Every structure is written in structure tokens, then in C-alpha cells.
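Notes follow once the structure below has been shown.
The values are calculated or read from the model by the stated rules, or taken from the named source; none is laboratory data. Quick caveat, the model's predicted, so the values are computed rather than measured. Positions of Cβ are backbone-derived with ideal geometry, glycine not excepted, and every protein chain shown enters the neighbour counts.
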Amino acid sequence: MSISCHTAKRHSAAYVDGRLRADRRSNVVAHLHHCEDCATYFEQISQLRAALKTVPERLIPHRLQTSLQVIASRQRAEVLATRGSHWKAIWDKWCFRINELMKPLAIPATGGLLSSLVLFGTFVFTISTTTRLVSYEVPLAYSSQTEANLIPVELGSHAVFLNMSIDSNGRTGDYAVSDPECKFRADLEAQPANIAMPSIPTVFAVAQPISGDIQIKFLPLAFRP
Amino acid sequence: MVLADSIVKLSITGSQSSLSEEDARLLRGLRAGIESAYEELLARYQQPVYSMVYRLLGDQNDACDVVQEVFLKVFRSVGSFQERSSLRTWIYRIAVNEAHNHRRWFSRHRKHEVAIEPENEEHRCYDITPDPGPSPFDWARNRETRALIEQALDEVSPVFRTAVVLRDIEDLSYEEIADILQVSLGTVKSRILRGRDALRRALTQRLDPGLSEAFV
């Protein structure tokens with residue numbers, strides 16, 4: 001089968017290297033018999049290949065040989081240090097990298113930790129004082145400690161107001177009973193306060209007791225005829 | 001049962017190492033940190049690797065830098081080498097890749113640099129006057145022509161030059177070249193063909209510019 005010059009040249013590399021299939025090889029040989037240009041081309045490629053094989057090796061410089069021996073020695077020492085374990089080598093490398101990375105952060109991190117400890121130490125004292133029980137300094141009739149003896153109070157009017165001033169410790173600074181209709185019995189004036197005092201817990205805001213005035217309104221459940 | 005046997009056989013075939021007995025022994029020595037194994041690896045591969053890298057880069061200093069990088073990588077990666085190819089193919093693959101990376105870096109960073117020192121004596125021999133003999137390829141057997149071949153190689157595109165160097169100077173098989181360059185056999189054939197053709201043209205042009213027109 002006749003082939004073109006282009007096809008013949010396309011097969012030149014495989015032909016010269018002896019890697020061309022027998023049928024294609026015979027086609028190329030037949031083409032080269034009657035095509036002088038292609039025959040010259042193939043001859044040149046063959047000569048070029050032969051010439052390339054005669055190109056002498058570039059001798060390695062002594063300086064490079066020494067460098068390579070140093071590299072080999074270092075790498076061998078590394079292998080011996082890690083006992084040939086690839087994972088240990090990776091682990092050691094990452095430990096080293098993380099150490100290097102963390103060094104600049106060591107002083108700020110320590111400072112931050114110490115600051116937080118100092119702040120906590122300051123506030124822990126405040127927290128302990130604010131949670132202790134408050135002993136109310138109010139006159140408690142018929143009561144002991146925080147348990148008041150709640151006796152019925154006779155209200156002669158529709159509403160009786162108890163105004164109290166509470167300090168920051170939850171203690172009653174002052175109180176007064178107001179009776180707009182003037183029907184509250186004077187001898188029982190202290191009793192609403194006696195009832196109210198133990199029942200009012202200290203109010204806290206942001207872990208601190210707050211002070212202020214409060215008013216309690218007493219309403220009768222039923223009127224005695 | 002037959003299917004299971006086939007799968008087992010296939011898996012055994014797939015996991016077979018491409019290493020020769022000698023390579024396997026050398027590899028075991030390297031992994032165990034045996035001094036003689038390191039010496040043997042250098043003795044066996046430092047010269048051919050340097051020579052090949054020099055052909056690919058055409059500069060001694062660059063070749064030295066690259067060869068150091070190559071062996072550093074070889075020693076560091078020897079533990080993770082998966083033995084799917086021969087030791088020589090693996091080392092050559094690293095060398096070709098390093099040379100390629102170096103050339104890329106060179107073209108990006110140093111292309112604007114101008115050499116201050118004049119060219120050395122070795123380069124002067126390239127400027128010889130060609131003899132108007134019957135065929136320029138008759139010159140191929142003498143020393144001057146070999147120098148011309150080296151310079152002509154520099155003019156060939158790096159991709160094709162690599163294929164020609166591996167095939168015609170290092171005398172590797174097509175399969176080994178395909179493994180080193182990580183390309184198909186067809187691509188290897190094509191690159192060798194085009195590389196040789198480019199080299200033929202460059203050489204013809206240098207030897208006899210008038211004659212080269214007839215070959216193109």
C-alpha cells in the first residue's frame with residue numbers, strides 16, 4: 001500500500017526506534033524506495049539519533065558530589081532519629097511548626113490568663129458577701145428570726161398602705177403606715193410591718209443589692225359587718 | 001467461588017511491586033537508615049541524574065541546584081514511595097519535574113537579568129564555520145558537532161527536548177518515558193517525533209543555513 005510523505009515522516013520515530021508494526025514498516029520501506037526526500041529525511045534522523053548517543057555524559061562537579069553526600073548524611077541522621085517512621089517524622093515536623101507559631105502568642109496568652117485570674121479573685125469576694133443572709137433590724141412582734149407570727153389584722157378601711165425605705169443590704173431604714181380614711185386602728189399600726197418585713201427579700205441587680213422605696217397595699221378580704 | 005478467586009488474583013496482581021530485587025534491597029536500606037544504601041544510591045544515580053538535568057536546563061549552576069533538590073526529595077520521600085514504578089523511573093520523574101519547575105521559576109524571575117561576565121571558552125566553539133561538505137550530518141561524529149548538538153538541543157522546546165533527551169541520550173524505553181512524564185505512549189511518540197524533527201532543523205540551520213532550506 002502506498003503512503004504519503006507526511007505519513008511516512010509521521011512514522012519516522014517509531015521506525016528508527018524499531019517500534020513500528022510489520023505492515024506499517026513494509027509500507028514505509030516501500031515508500032522510501034521511491035521517495036528520495038523521505039529517504040534523506042530518515043537517514044538524517046538515524047544519523048541524528050546515532051550522534052545523540054555519542055554525546056558524552058556531563059561529569060558531575062566535585063562540589064555537587066560533596067553537597068549530595070552532606071544531604072544524604074543529614075537525611076540519614078533524620079531517618080535514624082525518627083527510626084524510619086514516616087508518621088513520627090510528620091508529627092515532629094508539625095510539633096516544631098506549632099511551637100514556632102505559638103511562641104509569639106505565649107506572652108499575650110499568659111498576660112490574659114493572669115488578668116482573668118486577678119479579676120476573678122476580685123469579684124469572688126463581692127459575690128460571697130452579696131449572697132449572705134441579711135438579718136433584718138426591724139421590730140418584729142410575735143416573731144422570731146424570719147418567721148413572723150401572722151395574726152389577722154383588722155382593717156377599718158378599704159386599703160392601708162405601708163411605705164418602706166429599703167437600703168442596699170435589704171434592711172428597712174424607715175417605714176410608715178398611711179391610712180387615707182383614718183380608720184386604721186392605732187394599736188395595730190406596727191403589725192402590717194411585722195408581717196411584711198420577713199417576707200421581703202433583698203433585690204439584686206448585677207449581683208448587687210439595690211435600695212429604694214417600696215409601697216405595699218393591704219386590702220381586706222372581707223368587711224366585718 | 002471462581003469469581004472470588006479471580007478477584008483475589010486480580011488484587012494480588014494489582015499490588016505487585018514494580019521494583020527489582022536490587023531496588024527493593026536498596027529501598028529497605030534507605031528506609032532503615034543504612035549508610036551504605038545512601039552511598040549506593042548516590043553512586044548509582046547522581047551522575048546520570050546530573051547529566052540529564054544538565055541537558056534539560058543547559059546550565060551547570062542551575063543543574064547543581066536542581067540535582068540537590070532532587071536528592072533531597074528522594075531521601076525525604078523514600079518512606080512514602082509506593083513502589084509502583086522502578087526506582088530509576090521514580091527518581092527520573094522527580095528530576096524532570098524539578099527541572100521543569102526550575103525552568104518555570106527561571107523564566108518568571110530571572111529572564112530580565114543580564115550576564116555581566118563574558119561567555120566562557122566552552123561556548124566559543126559553537127561559533128565555528130561549517131564545512132561545506134557533502135552532508136552536514138557527517139559531522140556528527142566529531143567533537144565540534146557534539147557541541148553543536150548540545151546547543152541545538154537548547155533551541156528545542158523544553159517539552160520535546162525532555163522526550164528526546166530521555167529517549168536518545170538516556171536510552172530509556174517509551175514505556176519508561178511515559179511513566180516519568182506521566183503521559184500516554186502516543187504522546188511520548190509524538191513528542192519524540194517532533195523533538196527530533198525540531199533538533200534536525202536546528203542542527204541543519206547551524207551547520208549550513210543554505211542547506212537547511214532544502215530540508216524544511
Query - Per-region count, the range B:49-66, residues within 15 Å of B:ALA147 (Cα to Cα) and of a type in the set (Phe, Trp, Tyr) - result: 1
**Report entry** Condition met for A:SER67 (among the hydroxyl-bearing types (Ser, Thr, Tyr) and either at the interface with chain B (Cβ under 9 Å from one of its Cβ atoms) or within 20 Å of B:LEU148 (Cα to Cα) (or both))
**Finding:** yes
**Report entry** Residues located in the range B:171-210, provided they are at the interface with chain A (Cβ under 10 Å from one of its Cβ atoms) and outside any helix (DSSP H, G or I)
**Finding:** B:ASP171, B:SER173
Query raised in the report: Looking only at the range B:47-82, which residues are of a type in the set (Phe, Trp, Tyr), over 18 Å from A:ARG63 (Cβ atoms) and either in contact (Cβ under 8 Å) with a residue 60 or more places away in the chain or at the interface with chain A (Cβ under 8 Å from one of its Cβ atoms) (or both)?
Result: B:PHE75
Report task. State which residue pairs qualify: first residue assigned by TED's automatic domain parsing to the domain that holds A:LYS93 and part of a helix (DSSP H, G or I) and inside the range A:64-81, second residue surrounded by 13 or more Cβ atoms within 10 Å (Cβ to Cβ) and among the aromatic types (Phe, Trp, Tyr) in any location, beta carbons under 6 Å apart, and separation of 6 or more residues or different chains. Result -> A:LEU68/B:PHE71; A:ILE71/B:PHE71; A:ALA72/B:TYR38; A:GLN75/B:PHE75; A:ARG76/B:TYR38
Query raised in the report: Out of (1) within 60 Å of the chain's Cα centre (by Cα); (2) more than 9 Å from every other protein chain (Cβ to nearest Cβ); (3) not polar (S, T, N, Q), the odd one out for A:ARG21 is which?
Result: (1)
Report task. Taking A:GLU57 as the residue in question, decide whether it is acidic (Asp, Glu) and under 60 Å from the mean Cα position of the chain (by Cα). Result -> yes
Query - Unmet requirement for A:ILE60, which otherwise passes all of (1) within 14 Å of chain B (Cβ to nearest Cβ); (2) β-branched (Val, Ile, Thr); (3) assigned to a helix (DSSP H, G or I) - result: (3)
Requested in this report: Could you pull out every one of the helices (runs of 4 or more DSSP H) wholly within the range B:1-89 that has 3 or more residues that are crowded, with 17+ Cβ neighbours inside 10 Å and at pLDDT 90 or above?
Outcome: B:35-57, B:60-77
